[in-house]
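Visitor: What follows is a single structure, and I will ask about it in a moment.
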Amino acid sequence: MKAYRRTIEYLEALKLKGIVKHLDELLNEAEEKKISYLSFLNTLLQAEVADRTERRFKRNMAAAHFPVIKRLSDFEFGRVKGITKSDISQLLDFRWLDTHSNLLFFGPPGLGKSHLGIALGVKAIEQGYTVCFEKVVNLIRLLKTQDIQRTSGFRIKKILKSDCVVIDEIGYTPIDRREANLFFNLVSELYEKKSIIITSNKGVDAWAEMMGDGVMTTALLDRLLHHAKIFNLSGESYRIQKRKEE
């Protein structure tokens, strides 16, 4: 038992939590099947790698701040025009993330734009990328308070370090000129360094009025659209359709 206890202490000192968690069952399996030393070592290392991968996934999911978890398998492609399963399949190689390109989803409410943004963010995390999700209203609040509230400053730093930023529901609430400038500065910081997913109920032609500054909006859209895949969605609102069915 002394040798076993010492082994546990060494593993804990080296922070090999995955091996510690599975050591008993792996020892029993090795003894029963008379596994070679090298195979046993590989099994231990596989357990550690799997545990670290799982912990990293859970940590990155928590840091993303998704309001709900959405899956691409639950999206009803036949109900919405402007995007297909083939389009999504091409996005899942995540080359757009590696090249710091953006995804922009435009269309009226109820078509699943947020669903797509969240589901792609979840898939990205599963592939080892880091993602931050914010509704634009909360993002603006964070930008306005980052210099006076520690939590806001910490979140903005997290956003700037992430591989992908999902900015949801642009256009649902008015943005004043100062807020628009703060948003522009953030996009400029992210430009060609990170990927941005945008969901908006307003097409780009309506953004100047929404932002209140035509020149700044042009510069903003120039950065968002430069390296981007754009999806203009149309169809009947999922919520309205559901209500009719009920």
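The values are calculated or read from the model by the stated rules, or taken from the named source; none is laboratory data. Every value quoted in this text rests on a predicted model; they were computed, and no experiment measured them. Cβ: placed from backbone, ideal geometry, glycine included. Neighbour counts: every protein chain shown. What goes into the accessible areas is simple: the full protein's heavy atoms, side chains included, and nothing from ligands, DNA or RNA. Shrake-Rupley method; radii C 1.70, N 1.55, O 1.52, S 1.80 Å.
Visitor: Please report, ordered by residue number, the helices (runs of 4 or more DSSP H) entirely within region 37-100 with at least 1 residues that are open to solvent by 30 Å² or more (accessible area, probe 1.4 Å), at pLDDT 95 or above and more than 20 Å from residue 195 (Cα to Cα). Spell out the reasoning first.
Guide: Numbers: elements: 37-64, 85-91, 95-98.
Of the helices (runs of 4 or more DSSP H) lying wholly inside region 37-100, those with at least 1 residues that are open to solvent by 30 Å² or more (accessible area, probe 1.4 Å), at pLDDT 95 or above and more than 20 Å from residue 195 (Cα to Cα) span 37-64, 85-91.
Visitor: Consider residue 105 carefully, then state whether it is at negative phi and surrounded by 15 or more Cβ atoms within 10 Å (Cβ to Cβ).
Guide: On the way: at negative phi: yes; surrounded by 15 or more Cβ atoms within 10 Å (Cβ to Cβ): yes.
Yes, satisfied.
Visitor: Go through the residues of region 7-29 one by one and say whether even a single one is open to solvent by less than 40 Å² (accessible area, probe 1.4 Å), in contact (Cβ under 8 Å) with a residue 60 or more places away in the chain and touching a helix residue (DSSP H, G or I) at 6+ places or on another chain (Cβ under 6 Å).
Guide: no
Visitor: Next question, about the same structure. Conditions first: (1) part of a helix (DSSP H, G or I); (2) more than 30 Å from residue 232 (Cα to Cα). Residue 15 passes all but one, so which condition is the exception?
Guide: (1)
Visitor: Hey, another quick one. Working only within region 113-132, note down all residues that are open to solvent by 10 Å² or more (accessible area, probe 1.4 Å) and either at pLDDT below 95 or closer than 30 Å to residue 51 by Cβ (or both).
Guide: Matches in region 113-132: 123, 126, 127, 128, 129, 130.
Visitor: Please go through region 189-200 and pick out each residue that is part of a loop (DSSP other than H, G, I, E, B) and surrounded by fewer than 17 Cβ atoms within 10 Å (Cβ to Cβ). Walk me through it before giving the result.
Guide: Our first condition is that a residue be part of a loop (DSSP other than H, G, I, E, B); within region 189-200, this holds for 191-194.
Result: 192, 193.
Visitor: Further question: Restricting to region 133-147, count the residues that are farther than 15 Å from residue 64 by Cα, in a helix (DSSP H, G or I) and open to solvent by 40 Å² or more (accessible area, probe 1.4 Å).
Guide: 3
Visitor: Something else: Within region 148-188, which residues are of a type outside the set (Val, Ile, Thr), in a loop (DSSP other than H, G, I, E, B) and either touching a residue at least 24 places away in the same chain (Cβ under 8 Å) or open to solvent by less than 20 Å² (accessible area, probe 1.4 Å) (or both)?
Guide: Across region 148-188, the qualifying residues are 162, 163, 171, 172, 174, 176.
Visitor: Looking at region 161-174, is at least one residue among the hydroxyl-bearing types (Ser, Thr, Tyr), at pLDDT 95 or above and farther than 16 Å from residue 139 by Cα?
Guide: We begin by selecting, within region 161-174, every residue among the hydroxyl-bearing types (Ser, Thr, Tyr); these are 162, 172-173.
Filter again for at pLDDT 95 or above, leaving 162.
So of that shortlist, the ones also farther than 16 Å from residue 139 by Cα come out as none.
Within region 161-174, none of the residues are among the hydroxyl-bearing types (Ser, Thr, Tyr), at pLDDT 95 or above and farther than 16 Å from residue 139 by Cα.
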